[in-house]
Amino acid sequence: MQDIRNIAIIAHVDHGKTTLVDKMMLAGNLFRDGQDLSGQVLDSNDLERERGITILSKNVSINWKGTKINIIDTPGHSDFGGEVERVLNMADGCLLLVDAFEGPMPQTRFVLQKALQIGLKPIVVVNKVDKPNCRPEEVYEMVFDLMFSLNATEDQLDFPVVYGSAKNGWMGEDYKNPTTDITYLLDKIVEVIPAPKALEGTPQLLITSLDYSSYTGRIAVGRVHRGTLTEGMNVTIAHRDGSQEKTKIKELHTFEGMGHVRTDKVSSGDICAIIGLEKFEIGDTICDFENPEPLPPIAIDEPTMSMLFTINDSPFFGKEGKFVTSRHINDRLQKELEKNLALRVAPFEDSTDKWIVSGRGVLHLSVLIETMRREGYELQVGQPQVIYKEIDGVKCEPIEELTINVPEEFSSKMIDMVTRRKGEMTSMESQADRVNIEFDIPSRGIIGLRTNVLTASQGEAIMAHRFKEYQPHKGEIERRTNGSMIAMESGTAFAYAIDKLQDRGKFFIFPQDEVYAGQVVGDAVPPGPPAVPRVLGEKDHAAEHVRPELDENRQNTAAEDLPALVRPEHAGIAQAGEAHQLLHKDLRPVNRLPRRVQLHSQNTAHPAAQHGQPIIIQQGQQHQRDPGAAGDVGAGGQGDADRGQH
């Protein structure tokens, strides 16, 4: 039997997991001579490359001195914790990466806790020791304290530590003496991580991941827990719901490099891909044909955040998306459930065109929305809502552990901002000229917080959070302090009209964008009443630009009459009001005004402007609809306004 090591690489986001995997692949000679593809090869998804994060866990295999090392790269965000939980079952040990300056962060604790509970043997890698102001020895002590607080066993606490810089391609025993490669780390993996135990008996394999081929269809991926699987073997699939189905394995593949290699048999301990099965899901067990013995299914934490998904019924319906009907959206959401374990989809109040989609956080749901938008789906989504529970007769809400690292001069702003959202400061620690502040904050308080934190700290803040527990409801949080700027007519937005209204707030639209009556086109900034911008029609446009002939006295100031436009803000899901419209090109807030509303003067606050707005998602941009709360302005359009709200 081949010598095998199965390791998962776990860490907080942006601590260098994928970069280290690339260097390990380079050391394993997976690239031909002269071909250095070590630019985060595993982050192949467009969204992963753009955001610089890992969203989907992936596995790759290298051969090091006769030992096959199966490496599993995992996401760092706790929003994608479902990915981490299911793939850790395939590993026997883990590499815990920690940034030599930041130290253990909230997600470090999250992923490490999962690994220790399963009983994985850790190797700690203190990465980025080339950074200025790094503190490798102090970080090592912090990791030990963290493991101790997570009830690690004595064997787990006796972990080796490796120092290095994945970006510069070296790992060694002492951070003061850089080496030339990562040989030390790979040798430590072979030495410390235990080989999988060979269990004899009837075959068992827990499906922990799915792959897809346009030639062979869906592929089941998992680790052989016991026995041996052979090509052409008759097996039983034991489903999560307790039902069983007889089937046959057509092909068996093992992982080699970044691809699959066909093989005749796979023994206990190795990770393989099975082709030819039809009805299976993640968490099902492939077991013996005659005497099936299913393994316990994967336990996944419950979702904490939900959003309303519905069809787009705005005036721009169907203009940009390819898939616009409720059948298309429902099929896509059901398909997502097959591989996204932490997601839940349920119909909204017996409606056929509305769904409540629940996930682990705003990032988890926004990645799904963005993926659907790029695929050509056009839909409308509501504002994120937390999922409440009733525990012992008390209404409880999810609480998160929030960490903000900022320069000292911004610390008071951060504390004020978080406490306004019902956050409670638990610790505050100075690190050189920066301050590390920890809070317990309701999940609903984190929605839209990141943008405000970065703005208030001039982009210096490092913010991270993870789900902690459910606690009694903390009371109401003030949501929107800004009003909304709403288009009064359908037509094209012109630069001249936008220019004259810029001092009233921030726009979401560009000049020459098509808008419709009632669309929210910007945020009105207090103090002072928010203005209601009017989209100039053709007649207005002509009239506004009529000017007398320039005389000599005005020629020098002609350039000053040109509109000087500020770049529009992108209205993200977290800042939005009640709903967004998802179009192919972008995401836009949605709002439709009652028909009887008249154009208000600049000094009059619009009654609808103080309410949160809904959002629409088409293959293109973002529009807004009436939240319905503008009802005292006039009853006309009220039914129109109520549709699509969460």
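The values are calculated or read from the model by the stated rules, or taken from the named source; none is laboratory data. Fair warning: this is a prediction, and the values are worked out from it, not measured in the lab. In this analysis, Cβ positions are derived from the backbone assuming ideal geometry, glycine residues included, and neighbour counts consider all displayed protein chains. Just so you know, the surface numbers come from the protein's heavy atoms only, side chains and all, with ligands and any DNA or RNA stripped out. Shrake-Rupley method; radii C 1.70, N 1.55, O 1.52, S 1.80 Å.
Just a few scattered comments:
- Over the stretch 292-341 - Rg/Rh using Cα atoms and the Kirkwood inverse-distance radius: 1.18
- Cα-centred dipole magnitude for the stretch 394-498, charges only on beta-carbon of K, R (+1) and D, E (-1), debye, nearest 20: 400
- Local charge for H473 was computed over the other residues whose Cβ lies under 11 Å away, with Lys and Arg +1 and Asp and Glu -1, and equals +2.
- Overall form of the stretch 111-201 per C-alpha gyration tensor (a/c, 1.5; a/b vs b/c): oblate
- Calculated FRET efficiency for the pair N291/K131, C-beta based, R₀ 56 Å, to 0.05: 0.50
- The simple Förster model, with R0 at 45 Å and r as the Cβ-Cβ distance, assigns V192 and E489 a FRET efficiency of 0.05.
- Zero-based 10 Å bins, Cα pair distances in the stretch 82-135, whole percents: 23, 48, 23, 6
- Taking 7 Å steps out from each Cα toward its Cβ at R240 and D331 produces label points 2.3 nm apart.
- Cα centroid separation, the stretch 133-190 to the stretch 256-297 (Å): 34
- Note on E514: accessible area approximately 100 square angstrom, rounded to 10, probe 1.4 Å, nucleic acids and ligands left out.
- Rough spin-label spacing in nm, given labels placed 7 Å along Cα→Cβ, for H473 and E251: 5.5
- Converting phi to 3J(HN,Hα) with the Karplus coefficients 6.51, -1.76 and 1.60 and the offset θ = phi - 60°, the stretch 328-337 yields 4, 5, 4, 4, 5, 5, 5, 5, 5, 4 Hz in sequence order, with x at every glycine or proline.
- Convex hull (Cα only) mean projected area of the stretch 254-306, reported in nm² to one decimal: 6.5
- Residue order by solvent-accessible surface for R240, R420, R444, R218 is R420, R240, R218, R444, largest first, with ligands and nucleic acids left out and a 1.4 Å probe.
- Annotation: amide H of W64 within the under-5 Å range of I69, sequence separation 5 or more or interchain, hydrogens built in the peptide plane.
- Largest accessible area first, the listed residues V125, V190 line up as V190, V125 when surface is computed with a 1.4 Å probe on the assembled protein chains.
- Using the Karplus relation 6.51 cos²θ - 1.76 cosθ + 1.60 with θ = phi - 60°, the per-residue 3J(HN,Hα) values for the stretch 435-443 come to 10, 9, 10, 10, 10, 10, 9, x, 4 Hz, with x marking Gly and Pro.
- The stretch 125-263, accessible surface, carbon-and-sulfur percent (1.4 angstrom probe): 48
- T179 accessible area, assembled protein chains, probe 1.4 Å, Å²: 60
- Karplus-based coupling profile of the stretch 293-307, in residue order and whole Hz: 10, x, 7, x, x, 5, 8, 10, 4, 6, x, 10, 9, 9, 9, with θ = phi - 60° in 6.51 cos²θ - 1.76 cosθ + 1.60 and x standing for Gly or Pro.
- The figure for K279 is an accessible area of roughly 140 square angstrom, using a 1.4 Å probe on the protein chains alone.
- Between E424 and L150, the simple spin-label model (points 7 angstrom out along Cα→Cβ) gives 2.5 nm.
- Net length available on complete extension from D3 to D416 is 143.1 nm, with 0.36 nm assigned per residue and the Cα-Cα distance removed.
- Gyration tensor verdict on the stretch 172-232 (Cα atoms; rounded if a/c is under 1.5, prolate if a/b is larger than b/c, oblate otherwise): oblate
- Global geometry of the stretch 145-196, whether rounded, prolate or oblate, following the gyration tensor of its Cα atoms and the 1.5 cut on a/c: oblate
- For the stretch 393-469, the solvent-accessible area with a 1.4 angstrom probe is 44 square angstrom per residue.
- Note on the stretch 463-512: dipole from Cβ charges, positive end direction compared against T492, F508, P472; the farthest Cα belongs to P472.
- Kirkwood Rh and Cα Rg combined as Rg over Rh, evaluated for the stretch 265-401: 1.06
- Database remark: amide H of Q471 closer than 5 angstrom to the amide H of E397, I399 (H placed geometrically; neighbours at sequence offset of 5 or more, or on other chains; Pro and chain starts carry no H).
- Across the protein chains, with a 1.4 Å probe defining accessible surface, the residues T180, T263 rank T180, T263 from largest area downward.
- The spacing between the stretch 373-415 and the stretch 338-368, judged by their C-alpha centroids, is 16 Å.
- Long-range amide H partners of T74 with built H, under 5 Å: I9
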